[in-house]
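To start, the structure under review is shown below, and the notes come after it.
The values are calculated or read from the model by the stated rules, or taken from the named source; none is laboratory data. Source: prediction; values computed, not measured. Note that we place each Cβ from the backbone using ideal geometry, even for glycine, and neighbour counts take in every protein chain shown. These area figures cover heavy atoms from the full protein model, side chains too; ligands, DNA and RNA do not enter into them. Shrake-Rupley method; radii C 1.70, N 1.55, O 1.52, S 1.80 Å.
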Amino acid sequence: MTHHPTHIDDTPLDATPLDTAVDTDAVARSVVAAHGLVPHGPAGEGVDFVVHRVGRPGLADAVLRIPRHRLYRSPYGDVDSADLIRQEHAIAAHLGPLGLPVATPLQRIQQPDGLLVSLAAHVEHDDDPLDGRDVGRFLAALHAITPPEIPLAYQSPGNFTAFFVQRLGDRHANLLRAAPSLPPLPAPDRIAATLEAVRTPHRLLHLDVRRQNLLSRRGRLAAVVDWSNALIGPPLMELARVAEYALLPDNGIDANAILAGYAEPGAAPPHGGASDGAVPDLDSPAALLYRLDTAVMLALVFHSVAPDARRAQVLTARAEHLLGLLHDREERRH
């Protein structure tokens, strides 16, 4: 059976795609005809991309990943869908040779009008329950390797803490427009100091660990896909996001199982060095800030990108709760 991934996009409340919509079915037909492929029909879809499975005569099947829009707006500028495709290919090309399970990138196909489409190897997968410990082992391996030196679509260059403080401030301001009773953020200098107090090497983070992006076969992890939200930052951010994602049942992940796998000794790739197997405190002030970043992002998603009034209310309440915990910690500190 085929999963149907839905990409949770890191975009603000007013972030709607510009008027650059793509006729994805027409693009699929064009690519198939131009490259001698055999169409097998749609294989999944999300907010940003539509996936078509195709046959390659004499070769294994592949998947076409076609953007719904050429250009998307983000909190820190416009993001070209071509940059997301280049990022996906570059990350997979870096991780695959290190033994990490990814969908092998095959080709970036540029259409006559300039639109970039991704062709990657099809990963056979099913809907059997996935052992969350496999996901934890994968994350431990990911966080043990040196990250690739590539530009990332949703990360501005420079100091990570300054980038994060700005991003959280922008998102909070966007959510405040929909939820005027939202408590204020801690002062930017306090957020920065809290994050800087936790000094760990920065690693590649997936930041969209959900069942829809975890392709498995007979209960074992076969590939991790959709690297659009990837950042290079502290692993604590990844684990905090896993903890928050697990609160939504349809994300289909078990945080306890993932953390158990993450903590297993030796959960590192063949060429990536050793993992210390340590799981940080996910209720620490720094972890609460990363969890808040996730809750605010999800609230914005359900307020705008994928409107759902009930979920928007639940996630806004979750953001309010996390802000309350942060302010309580600050008051006790004084």
- Task: Give the residue from Val117, Thr161, Val54 lying farthest towards the positive end of the charge dipole for region 54-203; charges sit on Cβ (+1 for Lys and Arg, -1 for Asp and Glu) and the dipole is referred to the Cα centre.
- Result: Thr161
- Query: Short version: ³J(HN,Hα) in whole Hz for each residue of region 288-299, in order, from phi by Karplus 6.51 cos²θ - 1.76 cosθ + 1.60 (θ = phi - 60°), x for Gly and Pro, what are they?
  - Reply: 4, 5, 5, 5, 4, 4, 5, 4, 5, 4, 5, 4
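Could you order the peptides 173-179, 237-243 from most to least packed, using the average number of other C-beta atoms within 10 Å per residue? Walk me through the numbers on the way to the answer.
Values: 173-179: 17.1, 237-243: 23.7.
Final packing ranking: 237-243, 173-179.
Of the accessible area of the chain, with the probe set at 1.4 angstrom, what percent is carbon plus sulfur?
53 percent
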- Please find, in a Gaussian network model of the chain (springs between Cα atoms separated by less than 10 Å), the residue of Ala60, Ala92, Ala153 whose mean-square fluctuation is greatest. Ala60
- Taking amide H positions as placed 1.01 Å from N in the peptide plane, with prolines and chain starts having none, which residues 5 or more places from Ala222, or on another chain, fall under 5 Å of its amide H? Leu215, Ser216, Arg217
- Item | Separation of alpha-carbon centers, region 225-270 and region 22-76, rounded to whole Å | 28 Å
- Please work out the average accessible area per residue across region 185-334, using the 1.4 Å probe convention, and give it in Å². 41 Å²
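Going from most exposed to least, what order do His35, His125 have by accessible area with a 1.4 Å probe?
Numbers: His35 80, His125 30 Å².
Correct descending sequence by accessible area is His35, His125.
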- Note on the structure: Candidates for percent of Cα pairs over 34 Å apart are [x] 15; [y] 22; [z] 29, and the calculated one carries label [y]
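Given +1 on the Cβ of Lys and Arg, -1 on the Cβ of Asp and Glu, and no further charges, what dipole in debye does region 69-148 carry about its Cα centre, rounded to the nearest 20? Please list the in-between numbers first.
Numbers: 6 positive and 11 negative charges, 76 e Å.
It works out to roughly 360 debye.
Counting helices only, and only those DSSP H runs with n ≥ 4, report the 222 nm mean residue ellipticity of the chain as the sum of -39,500 (n - 2.57) divided by its residues, in deg cm²/dmol to the nearest 500. The partial results should precede the final answer.
Details: 9 runs with 125 residues, N = 334.
The helix-only estimate for the chain comes to -12000 deg cm²/dmol at 222 nm.
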- Task: Please state the charge dipole magnitude for the chain, taken about the Cα centre, from unit charges on C-beta atoms (+1 on K and R, -1 on D and E), reported in debye and rounded to the nearest 20.
- Result: 180 debye
